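Read through the structure below, which is laid out as structure tokens, and then see the notes.
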Ligand SMILES: [Zn+2]
Ligand SMILES: [Zn+2]
């Protein structure tokens, strides 16, 4: 399996995040991707290629164009306002506040386009986001051109980013852009199977009223876990999208025995939908020693996930999402991929 | 003029807040109230009395009872979850996230009931919030019983707190509870004139669909200033409340010449409404040296505000809101009150 990976991800580094009542170095850091890259080389998964540059025309079909412009301009505006260091919001447009007027000051804008203080900006963020987006599209091209599978080693990740908001370390929703791109190439139906520990609230929001992209999420119950305000089992889609969104929330402490049952349910949903392409939002923060998560998968479980996915016999694009146990992220993410190749 | 003030405000101390990309000691700190109290004594404004204890039955008419229960339980739950220090949220239910399911974990709950990371909790917060609420109601009783005016030296402040959310250093909306209480005593119409630098988004939200409380806000334009997502001139109330909400946003750098014109417009609106009682949400963060604000009022302007308010010849309850230039907050807030008494 080929991997598409850009060294430009490393520009998104040195940023901080709000963790409870402290400002800490972001958990979503460059070494995550580098450990995965190193593991790919160590096990000989296949070639690692750099992405080709892509325009934002596909991204503009799943994200508000004004939001994409914001992502590009936020850090220069932050500096122009006399601020320095990590750009992050401090107030958010929750219920009873307006969602229809974008503030003019950068302090207002950055909150307007966010739902937490976790997708933070430094000078190199936009270039890294663009390169991550390019990796997803370049890997999608490999699948479109006949490869049975490809791996987009995306960083930053994407599944928390919605049509017009960042959050949870995510800016552009790489999997959503790839799904749109497959449709634009002629696919009739695309399934996104999100196996990250956290609910992919951005992916759900983007496709919630559409029937051409099925979204299946396996994740920690939002009653106890981030993102807390989406991901319940009763969210089934709306309008034309009704019946095409599926949430499988699980309890704190879920291990392979429980998680694999949800995976089987997810496979059934995907099979019944008969998609032309499968996109796997691949997070490995389900790992027992992940620093910010509370599931109990062990490293030996990840190849099993890959083997099971392969049994769907679908053209498959793996898109990297979360996973924060830095050394093990390589073993676990690449474990899924080698499992898929049944070796 | 009598002042109602509780020393129990001091229990809300030692908390931190998110200021841009740093965690800093909260700007809303105990010395704010103590400087005002000292100034009241220095100028001999009148007696300072402690509030009487009040139940929450009036508060439950303007706040969701579940929200009030949350305010009481949040810090014990925070400790029970194994956390320590300041309790504050890290993810918020913005657009595309659900407002109808309250998470069970304290991390989820605290974000559910907030719109920023500025209303933070320590062990003494709830007791201070209760005492601040009691001060507002006890001062309202003084006005109800015939005093021409009274000053509720409330801390924490209240005008950013809405029916079911905290933010901007505010938890219970003291002015809103007092307005409801006046109505419950037989008043037909109550005006709230909010002269704080920031838009009183909570007060607006609470009364937005009601005609029995007029809300007039003078504040920094939300396009550039906190709370950023409410306070525009086109927000006039809804349903039965249509025509009873008035926003007078002003530009960065506004000084007395501009600010006093907005005040005159506010007075006209209040006069035309012919309220039985006037509540002044008294913030003095319009001051030129306020550390978090950008208006240019000087200390000599504050007695003029009080003198102008007195010309409305209405029973008047002053409720303390913001103001962060710690030493001058006493001079400026008490300046309004002595100006009202025309001395
Ligand atoms: Zn995750
Ligand atoms: Zn203020």
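The values are calculated or read from the model by the stated rules, or taken from the named source; none is laboratory data. Note that the structure is predicted; figures quoted are calculated from it, not measured. Heads up, the Cβs are rebuilt from the backbone with ideal geometry, glycines too, and the neighbour counts pull from every protein chain shown.
Observations on the model:
- Taking each residue of region A:184-210 that is within 20 Å of residue A:239 (Cβ to Cβ) and looking for partners that are within 15 Å of ligand 1 (Cβ to nearest atom) and assigned to a helix (DSSP H, G or I) with beta-carbon atoms closer than 7 Å, six or more apart or interchain, yields A:192/A:175; A:192/A:203; A:203/A:175.
- Residue satisfying all of: in region A:287-327; at pLDDT below 95 and not in a loop (DSSP other than H, G, I, E, B); nearest to ligand 1 (Cβ to nearest atom) among these: A:326
- Summed over region B:183-208, the residues that are surrounded by fewer than 24 Cβ atoms within 10 Å (Cβ to Cβ) and more than 13 Å from residue B:162 (Cα to Cα) give a count of 7.
- Residues that are within 16 Å of ligand 2 (Cβ to nearest atom) and surrounded by fewer than 24 Cβ atoms within 10 Å (Cβ to Cβ) within region B:318-335 comprise B:324, B:325, B:326, B:328, listed in sequence order.
- Some residue of region B:4-27 being under 28 Å from residue B:306 (Cα atoms), touching a strand residue (DSSP E or B) at 6+ places or on another chain (Cβ under 9 Å) and within 14 Å of chain A (Cβ to nearest Cβ): yes
- Of the criteria (1) more than 16 Å from ligand 1 (Cβ to nearest atom); (2) assigned to a loop (DSSP other than H, G, I, E, B); (3) surrounded by 24 or more Cβ atoms within 10 Å (Cβ to Cβ), which one residue A:147 fails: (3)
- So residue A:124, is it within 23 Å of residue A:59 (Cα to Cα) and within 10 Å of chain B (Cβ to nearest Cβ): no
- The residue that is nearest to the chain's Cα centre (by Cα), counting only those in region B:231-288 that are within 30 Å of residue B:145 (Cα to Cα) and within 14 Å of chain A (Cβ to nearest Cβ), is B:245.
- Residues that are more than 7 Å from every other protein chain (Cβ to nearest Cβ), surrounded by fewer than 22 Cβ atoms within 10 Å (Cβ to Cβ) and in contact with a helix residue (DSSP H, G or I) (Cβ under 6 Å, 6 or more places away or on another chain) within region B:85-105 comprise just one, B:102.
- When we screen A:108, A:82 for residues that are at pLDDT 95 or above, closer than 27 Å to residue B:227 by Cβ and either outside any helix (DSSP H, G or I) or more than 14 Å from chain B (Cβ to nearest Cβ) (or both), the only hit is A:82.
- Region B:111-121, subset part of a loop (DSSP other than H, G, I, E, B) and facing chain A (nearest Cβ under 7 Å), residue modelled with the highest pLDDT: B:115
- Any hit, region B:45-62, residues being in a helix (DSSP H, G or I), modelled with pLDDT of 95 or more and within 14 Å of chain A (Cβ to nearest Cβ): yes
- Residue check for residue B:172: surrounded by 24 or more Cβ atoms within 10 Å (Cβ to Cβ) and assigned to a helix (DSSP H, G or I): no
- For the condition over 27 Å from residue B:181 (Cα atoms), surrounded by fewer than 17 Cβ atoms within 10 Å (Cβ to Cβ) and free of Cβ contacts under 8 Å to residues at least 60 places away in the same chain, residue B:296 does not qualify.
- Filter result (outside any loop (DSSP other than H, G, I, E, B) and either within 7 Å of chain A (Cβ to nearest Cβ) or over 22 Å from residue B:241 (Cα atoms) (or both)) within region B:214-228: B:220
- Residue satisfying all of: in region B:154-174; touching a helix residue (DSSP H, G or I) at 6+ places or on another chain (Cβ under 6 Å) and more than 14 Å from every other protein chain (Cβ to nearest Cβ); nearest to ligand 1 (Cβ to nearest atom) among these: B:171
- All positions within region A:1-25 that are in a loop (DSSP other than H, G, I, E, B) and within 13 Å of residue B:90 (Cβ to Cβ): A:20, A:21
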